[in-house]
1. What is the number of the single condition among (1) surrounded by fewer than 12 Cβ atoms within 10 Å (Cβ to Cβ); (2) assigned to a loop (DSSP other than H, G, I, E, B); (3) modelled with pLDDT of 90 or more that residue 69 does not meet?
2. Could you please find all residues in region 35-66 being farther than 13 Å from residue 92 by Cβ, free of Cβ contacts under 8 Å to residues at least 12 places away in the same chain and either out of contact with any strand residue (DSSP E or B) (no Cβ under 8 Å at 6 or more places or on another chain) or surrounded by 15 or more Cβ atoms within 10 Å (Cβ to Cβ) (or both)?
3. In region 91-107, what residues are out of contact with any strand residue (DSSP E or B) (no Cβ under 8 Å at 6 or more places or on another chain) and farther than 13 Å from residue 50 by Cβ?
4. Being in a loop (DSSP other than H, G, I, E, B) and more than 16 Å from residue 105 (Cα to Cα) is the requirement here; does residue 84 meet it?
5. Could we say that residue 96 is over 18 Å from residue 43 (Cα atoms), in contact (Cβ under 8 Å) with a residue 12 or more places away in the chain and more than 13 Å from the chain's Cα centre (by Cα) here?
């Protein structure tokens, strides 16, 4: 446990902002505002829009189980979520050592 004002080597900094998780693992960063997931809530599909050239995409349920995984290429991609059970899901975007997690609801 760190005391206030102490420094930690090899620590992972996580900033929580508006329900999104952004973790800077290496130098460089992904701004969570540059990644859009819509519609939210979703019924049949979700759209992921970002300026990233490529990224690894994973959709996870709240138990941490990966229910979808693929490589994202381009600036907009549609994901079919019609087979998912109703509930809250996380969509994880990994690119160049950085990670952004967005939430969406499947109705």
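1. The single condition residue 69 does not satisfy is (2).
2. Across region 35-66, the qualifying residue is only 63.
3. First, pick out the residues of region 91-107 that are out of contact with any strand residue (DSSP E or B) (no Cβ under 8 Å at 6 or more places or on another chain): 96-97.
If the condition is that a residue be out of contact with any strand residue (DSSP E or B) (no Cβ under 8 Å at 6 or more places or on another chain) and farther than 13 Å from residue 50 by Cβ, then 97 is the only one that fits.
4. Working: in a loop (DSSP other than H, G, I, E, B): yes; more than 16 Å from residue 105 (Cα to Cα): no.
Against the criterion (in a loop (DSSP other than H, G, I, E, B) and more than 16 Å from residue 105 (Cα to Cα)), residue 84 does not qualify.
5. Numbers: over 18 Å from residue 43 (Cα atoms): yes; in contact (Cβ under 8 Å) with a residue 12 or more places away in the chain: yes; more than 13 Å from the chain's Cα centre (by Cα): yes.
The answer is yes for residue 96.
The values are calculated or read from the model by the stated rules, or taken from the named source; none is laboratory data. What you see is a predicted model; the values in this text were computed from it and never measured. No Cβ is skipped: glycine too gets one built from the backbone with ideal geometry, and neighbour counts run over all protein chains shown.
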